[in-house]
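Trainee: Just passing along the structure, written as structure tokens.
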Amino acid sequence: MMTDFLLASSGFVLAMVAVGLIRVLGGPANADRMMAAQLFGTGGIALLLLMAAATNITALVDVALVLALLAAFTSVAFVISGSRSDMLEPGAAEQS
Amino acid sequence: MSIVLDTFTVLAVTGGLFFFLAGTVGLLRFPDPLTRLHALTKADNLGLGLIVLGLLPQTNAPVGALKLLVAWLLVQLSGATIAQLIAREARRGMPQA
Amino acid sequence: MTIGFALDSAIAVLVVAVSCWTIIARASFAAVVGFVSFGLLLTLVWVRLDAVDVALTEAAIGSGLTGALLLAAAARLRTSEFATQAERPSMALRVATALLSATATAALAGALFLLPSPAPTLAPAAAANAGATGLGNPVTNVLIAFRAMDTMLEKVVLLLALVGVWSLASDRFWGGPPSPLRGANTEGPLAFLARLLTPLGIVVGIYILWEGADHPGGAFQGGTILAAMWLLLMMSGVANAPATRFRSLRLVLISGPMVFLVIGLGGLWLGEAFLAYPVAYAKPLILVIEFVMTLTIAVTLALLLAGPPTREASR
């Protein structure tokens with residue numbers, strides 16, 4: 001019963017992430033899109049932790065840890081490259 | 001004892017799910033990027049925190065609980081900083097206020 | 001309908017929907033965001049298919065590093081983005097492409113359903129010999145022991161890719177430092193995040209490498225995490241990209257495949273076969289290989305993302 005509850009909770013979090021995606025992917029400003037990594041990071045980690053408890057696969061907590069780090073990294077990459085040019089170091093975007 | 005722990009888990013996880021719902025509703029319905037950012041980061045972080053709290057009784061080893069807390073800590077740290085950076089970008093696109 | 005089935009169907013539908021969106025998106029930045037989302041959903045697919053090692057790799061490489069790579073490429077192409085968006089292929093070409101892609105997908109799906117059941121697989125043989133190396137994780141066993149040749153050659157391929165990226169630099173920049181995507185303010189919140197996150201990231205990276213012996217994890221995932229942390233330092237301005245001519249840098253780059261090769265030849269010299277580990281020393285040898293490989297992978301991936309040298313090497 002606990003297993004079903006936890007699995008259903010992870011399904012709910014997935015639904016929330018999916019609905020959030022509508023805004024994040026469709027949102028007009030670039031600032032909206034930058035939130036994608038954040039949304040997936042937090043939601044994905046919640047999902048993985050719930051699944052880890054539901055299916056008793058403790059390795060999923062490791063996946064959640066890796067996701068936390070890489071989502072932070074990806075968010076930083078999004079913010080730097082999605083910003084207007086005064087956030088980029090001059091010369092960094094022009095290569096030849 | 002196990003019944004008490006299980007009830008605690010169910011309550012905390014449900015609270016976490018509620019905050020996820022609130023965050024998503026805010027993300028969809030708030031008028032501009034700054035407010036949506038607030039909904040996403042604050043509500044989702046609190047939701048994750050409650051879920052982690054609820055899952056703590058379900059792990060057996062102290063290592064398992066430690067990993068859960070480290071994951072939550074990482075999300076808090078990176079979430080707060082990234083929100084600052086995204087907000088800076090969002091403000092640039094708005095008329096001066 | 002069980003909850004698991006509902007969950008799996010939801011993930012499948014989302015994967016298709018996000019990939020459609022990624023293809024349709026016009027601006028590069030939006031498309032990359034879609035791609036990263038797709039990668040993260042794929043991580044969930046691997047988790048549901050019980051392939052946790054692959055899920056780890058997908059979370060690290062498939063969405064994280066590849067996403068950053070595509071973003072850097074999109075940033076470099078920003079000046080020509082309007083021109084490329086203005087050229088759209090004709091409707092006939094697009095319909096033909098769609099039909100071909102659909103046919104390929106249908107063929108793959110058909111092949112999948114027509115597989116004999118049980119499908120031909122070497123998994124029972126691998127599982128039967130699981131005790132050969134003393135490691136508990138069957139995936140690591142396959143990667144480092146049974147198919148060690150593939151793993152070694154993959155590292156050589158990574159190195160060749162890096163040489164290819166470096167060769168994109170003009171002659172006068174050869175040996176100089178690259179310019180990875182970089183934020184401008186070195187004292188702001190970005191630098192704070194990099195300084196605080198990197199030590200934690202290094203610990204998690206080494207932990208994942210160590211866990212790979214008996215649980216999902218391994219050298220590749222650990223190396224990717226370390227690469228991401230170094231890239232974070234470079235992107236936030238806390239660390240400078242190294243000049244590519246440094247001998248110590250090049251030594252680290254080749255050390256992974258070299259150690260692998262030396263140990264492999266050692267197996268040959270000891271009278272067994274290339275890349276056969278003597279049974280008594282299997283576990284320590286494997287740990288040495290994994291440790292050196294992690295360093296090589298970390299440096300190679302970080303430099304791959306940093307790009308070709310863009311400044312002259314200082315004398």
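Trainee: Please list B:7-13, B:26-32 highest first by mean number of surrounding beta-carbon atoms within 10 Å per residue.
Mentor: Working: B:7-13: 17.7, B:26-32: 15.9.
Top of the packing list down: B:7-13, B:26-32.
Trainee: Okay, moving on. Could you give me the radius of gyration and the Dmax of segment C:135-315, taking only the C-alpha atoms into account and expressing both in angstrom?
Mentor: 18.0, 59
Trainee: Give the B-C buried accessible area in Å², both sides summed, 1.4 Å probe, nearest 100.
Mentor: The buried area between B and C, both sides summed, comes to about 800 Å².
Trainee: A follow-up question, please. Please state the relative contact order of segment C:40-155 as a whole percent: Cα pairs under 8 Å, 6+ residues apart? Working shown, then result.
Mentor: On the way: 32 pairs, mean separation 14.2, N = 116.
Here the relative contact order equals 12 percent.
Trainee: Pull up the cross-link candidates among the lysines for B:Lys42, meaning alpha carbon to alpha carbon under 30 Å and not fewer than 8 places away within one chain.
Mentor: Candidates past the 8-residue exclusion: B:Lys67.
Trainee: Could you run the Debye sum over the Cα atoms of chain C, one equal point scatterer each and no solvent, and tell me log10 of I(q)/I(0) at q = 0.12 Å⁻¹, two decimals?
Mentor: With no solvent term, the Cα-only Debye profile gives -1.03.
Trainee: Take each of the peptides C:55-67, A:21-33, average the number of other beta-carbon atoms within 10 Å over its residues, and list them starting from the highest.
Mentor: Ranked from most to least packed, the peptides come out as C:55-67, A:21-33.
Trainee: Return the carbon/sulfur percentage of the accessible area of chain C, one whole number, probe 1.4 Å, all protein chains in place.
Mentor: Working: 11630 of 15970 Å².
Carbon with sulfur: 73 percent of the solvent-accessible area.
Trainee: Charges on Cβ only, +1 for Lys and Arg, -1 for Asp and Glu, centred on the Cα centroid of segment C:1-116; of C:Leu7, C:Ala27, C:Ser80, which one is farthest towards the dipole's positive end?
Mentor: C:Ser80
Trainee: Want the number for C:Arg78 to C:Ser90: 0.36 nm per residue separation, take away the alpha-carbon distance, what's left?
Mentor: So the extension gain works out to 2.0 nm.
Trainee: Also, I was wondering about something else. Considering the options A:Val66, A:Gly27, C:Thr300, tell which one lies farthest towards the positive end of the dipole of the protein assembly as shown, charges being +1 on Lys and Arg and -1 on Asp and Glu at the Cβ, about the Cα centre.
Mentor: Positive-end residue among those listed: A:Gly27.
Trainee: Other chains near C:216-222: what is the mean number of their Cβ atoms within 10 Å of each residue's Cβ?
Mentor: Average per residue, whole number: 2.
Trainee: Now a separate question. For labels at C:Leu249 and C:Phe113 in the simple 7 Å Cα→Cβ model, what's the distance in nm?
Mentor: So the two model labels end up 5.3 nm from each other.
Trainee: Using the eigenvalues of the Cα gyration tensor, what equivalent ellipsoid semi-axes result for segment C:161-204 when each is taken as the square root of five times the eigenvalue, whole Å, largest first?
Mentor: On the way: eigenvalues 176, 49, 10 Å².
So the equivalent ellipsoid measures 30, 16, 7 Å along its semi-axes.
Trainee: How many times 2.2 N^0.38 Å is the alpha carbon radius of gyration of the protein assembly as shown?
Mentor: 1.00
Trainee: Can you give the average number of partner chain beta-carbon atoms within 10 Å of each beta-carbon in peptide B:35-41, as a whole number?
Mentor: Values: counts 0, 8, 5, 0, 3, 9, 4.
If you average over the peptide's residues, the count of other-chain Cβ atoms is 4.
Trainee: Tell me the net charge near B:Lys67. Cut-off is 12 Å between Cβ atoms, B:Lys67 excluded, with +1 for each Lys or Arg and -1 for each Asp or Glu.
Mentor: -2
Trainee: Could I ask something else about it? Once you average over the residues of B:13-21, how many Cβ atoms of partner chains fall within 10 Å of each Cβ?
Mentor: The mean count of partner-chain Cβ atoms within 10 Å per residue comes to 5.
Trainee: Excluding same-chain residues fewer than 8 positions from C:Lys155, which aspartates and glutamates have a Cα within less than 15 Å of its Cα?
Mentor: The reachable aspartates and glutamates, counting only those whose Cα sits under 15 Å from C:Lys155, are C:Glu290.
Trainee: What's the buried accessible area, both sides, between A and B using a 1.4 Å probe, rounded to 100 Å²?
Mentor: What A and B bury together is about 3500 Å².
Trainee: Order C:225-237, B:61-73, C:161-173 from most to least packed using the mean count of other Cβ atoms within 10 Å.
Mentor: C:225-237, B:61-73, C:161-173
Trainee: Full extension from C:Val16 to C:Ala128: what is 0.36 nm times the residue separation minus their Cα-Cα distance, to one decimal in nm?
Mentor: 36.6 nm
Trainee: Still on this structure, I have one more. Under a Cβ-only charge scheme (Lys and Arg +1, Asp and Glu -1), can you give me the dipole magnitude of the protein assembly as shown about the Cα centre, in debye to the nearest 20?
Mentor: So the magnitude is around 1200 debye.
Trainee: Pull up the cross-link candidates among the lysines for C:Lys283, meaning alpha carbon to alpha carbon under 19 Å and not fewer than 8 places away within one chain.
Mentor: Result set, ordered by chain and number: empty.
Trainee: For C:Ala6 and C:Leu287, what does the FRET efficiency come to when R0 = 56 Å and r is the distance between their Cβ atoms, rounded to the nearest 0.05? Mind showing how you got there, number by number?
Mentor: Working: r = 43 Å, r/R0 = 0.76.
Plugging the Cβ-Cβ distance into 1/(1 + (r/R0)^6) gives 0.85.
Trainee: Working only with C-alpha atoms, what are the Rg and Dmax values of chain A, expressed in angstrom?
Mentor: Looking at chain A, its Cα Rg and Dmax stand at 16.9, 60 Å.
The values are calculated or read from the model by the stated rules, or taken from the named source; none is laboratory data. Everything numeric in this text was worked out from a predicted model, so none of it was measured. Glycine gets a Cβ as well: all are built from the backbone with ideal geometry, and neighbour counts include every protein chain shown. With ligands, DNA and RNA removed, areas are computed over all heavy atoms of the protein, side chains included. Shrake-Rupley method; radii C 1.70, N 1.55, O 1.52, S 1.80 Å.
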